[in-house]
Each structure stands twice: as structure tokens, then as C-alpha cells.
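Enquirer: Here's a structure for you.
Derivation of every value follows stated rules applied to the coordinates shown; laboratory data play no part. Quick caveat: nothing in here was measured; it's all calculated off a predicted structure. FYI the Cβ positions are ideal-geometry reconstructions off the backbone, even for glycines, and counts take in every protein chain you see.
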Amino acid sequence: MGASRENSSTGGPGSGRKPDVLKMAMEQRNAKVVPLAFVPDELIVPNYSGLQAVRKTDPSIVTSETDPVWLSMSGSFVTLTGSQILTNKTIALADNTISGTSGSFNTAVTDANFSYVGHTHNITDIAGLTSGSLIFVVTSGSSLISGSYVDLMVPFDCTLTQATLLPDVSGSVTFRIEKDVYANYPPTSADNISAGGVILTANSKAQNTTLTGWTTAINPGDILRCVASGSATTIKQVSVILDYTR
């Protein structure tokens, strides 16, 4: 009976009527038995016409030693074969020389007279050393006796301007200055250049600021002898200072 009613309503085999396809589809949907056809996964990409693909390109890397490297330089610089004036001084790398005006050096400085580690020389051409002092320290045991002396060779030309005596204690003593060249060493009393000498009389110091009657010009290589010309019973040591200009 049940099959007869189903066939009568929907049609089908043996009913003599065409099946109601729409009704059958509705019944199958309600029963959730509608077969589904397999559809493969699809990725739908929208078309945005205003966008463009951009590929980033890294800068090339310099790998060759021959590739040039450009440096921006300003001002002056010294090359291997040239020279450059640097505030009144010129450095020439090609021949290893340093030279300048008289305001910097009296003469051009080269390897022959330039001081460096392992090399020494007399400093005779440095401008700016326009004054100084020659210092003699004369001592003689328990008391300073006549004839006690100290010799000094002067390596540059200068002019004596003042003489000063500084004893260790107050007392009286006179010193004279003798001068001669190396070939005639030692100086003697005949080579006295200090007139009556520098006289200390019962005092702790003495100074001659005029050097009246003295021979004040000194030449390079001159030897000066500072000698006591009178005994001093209380004085053991005296510093004799001769100031000079150049």
C-alpha cells in the first residue's frame, strides 16, 4: 500500500505516469540526501588593474681591485714627488728635506742636521734662542782657595750682558773670566776679559750689570775659564752666572 501511494503521488515505474521531477528534488533536498558533484579547489585572484609587480634590484658589489674609488679632497696636500708650503715651512718628500724662512729656521733642515732617534748634533741654528746663561759652579773642599776654576766651551756666538755671583754662604771673593780658543787651551791670566772681575765683598750675592771694560763678544768654540783670584775662608762653593744675548 505504501509503495502504491508513493507511486501515485510522484509517478514512477508501474504507475503509468511521468515522475514529478521537481517534487522529487524538493523531497530529496528536505531529506538532505542531495548528491553533490565534486568541485576541485579553486583560488580566485581579483584583478586590480592599478597595481604592478615591482622587483627590487640590489646595487652591484665591487669585487675587483682595479675598480676606481673616487675621494673628494679639498685644500692642499703633499705628493711623493712634489712639495707644499706649510706656514713658512716646506716639506719635500722626494729628497727628505724640511726647509723654511728665517722665521722658522736659520738654514734648511736636512738629514745632515735634523735630530732624530739615534742621531745627535749641536743645536746652533735654531731661531728664537736669543738669550740665555752660562753657568759655572766652582767648589774647592772645605774652603774656596785662589786659583780654583771651571772651564766651559761655548758652541755658539753670543754677547755677554751681565755677571752674577751666588755663594753658599756670605763672604768675600773675586772671580775673573779668561777666554781663549781651543788651539791655545788652557786660558791664562793674560787672557782675562773681565777687567777687575766680579767682586763679592762680605755679602751673600753680587752682580755686575754693566760689564764695563769687559770683552763681551764670544765666538763659537771659545773656551771660558771662571777662576777665583782670591781665597775665601768661609765660602765652599760659588755659582758664577754669565747672561748673554744672541
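Enquirer: As a footprinting exposure proxy, order Ile145, Ile223, Ile235 by other Cβ within 10 Å, with the fewest listed first. The partial results should precede the final answer.
Expert: Details: Ile145 14, Ile223 19, Ile235 23.
In increasing order of surrounding Cβ atoms, one gets Ile145, Ile223, Ile235.
Enquirer: Hey, quick one: spin label on Leu166, modelled 7 Å out along Cα-Cβ, who in the stretch 229-246 has an amide N within reach, i.e. under 16 Å?
Expert: So the set is 236-244.
Enquirer: Work out the FRET efficiency for Ser239 and Ala183 from their Cβ-Cβ distance, taking R0 = 41 Å, and round it to the nearest 0.05. Spell out each step's value before the answer.
Expert: Values: r = 29 Å, r/R0 = 0.71.
Taking R0 as 41 Å, the efficiency between Ser239 and Ala183 is 0.90.
Enquirer: A further question on this structure: Can you list the HN-Hα couplings for the stretch 224-229, worked out from phi with the Karplus curve (6.51, -1.76, 1.60; θ = phi - 60°), rounded to whole Hz and with x for Gly and Pro?
Expert: 9, 10, 9, 10, 6, 9
Enquirer: On to the next question. Roughly what would the spin-label model give for Asp151 and Ile135, points 7 Å off Cα along C-beta, in nm?
Expert: For Asp151 paired with Ile135, the spin-label model returns 2.2 nm.
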